[in-house]
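The values are calculated or read from the model by the stated rules, or taken from the named source; none is laboratory data. Since we're looking at a predicted model, the values are computed, not measured. With ideal geometry, Cβ positions are generated from the backbone for all residues, glycine too; neighbour counts draw on all protein chains shown. Heavy atoms of the whole protein, side chains included, go into the accessibility calculation; ligands, DNA and RNA do not. Shrake-Rupley method; radii C 1.70, N 1.55, O 1.52, S 1.80 Å.
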Amino acid sequence: PAYLVSVLVTDRDGITLVSGAEVMFKSGEIFVNVGITGADGYFYSRLPEGTYDISAFYPDNSGKMKSTTLLKFELNKDSEASIALSSSR
């Protein structure tokens, strides 16, 4: 079965929503899905049951890339994850 996963991306303060962030789902070494957060800071996807690494990326005002730490996520029901961007790299 496939389950709905909602990923909320915030700035490093954990409060400010980030629209236009690129969210990536990886299973092992395989990229499974990629998408962009909407105005509400969420990206929604349907994925099969399994373990995924989720990360997000977003350019800051200087053009440097902000990213999240890798979130290991076990999907076995409709679920929500929240990840925060770190400072520029």
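Among residues that are part of a strand (DSSP E or B) and not aromatic (Phe, Trp, Tyr), SER62 is not included. Residues in the range 32-42: is at least one at pLDDT below 95, more than 11 Å from the chain's Cα centre (by Cα) and exposed (fewer than 12 other Cβ atoms within 10 Å of the Cβ)? The answer is no; no qualifying residue exists. Note on the range 65-81: residues that are touching a residue at least 60 places away in the same chain (Cβ under 8 Å), open to solvent by 70 Å² or more (accessible area, probe 1.4 Å) and either outside any strand (DSSP E or B) or closer than 10 Å to ILE54 by Cβ (or both) amount to 3. Does TYR52 count as without any contact (Cβ under 8 Å) to a residue 60 or more places away in the chain and among the aromatic types (Phe, Trp, Tyr)? Yes: the conditions hold for TYR52. Remark: pairs (first residue in the range 1-29, of a type in the set (Asp, Glu); second residue at pLDDT below 95 and in a strand (DSSP E or B); Cβ separation under 6 Å; 6+ apart in sequence or on different chains) = GLU22/PHE57.
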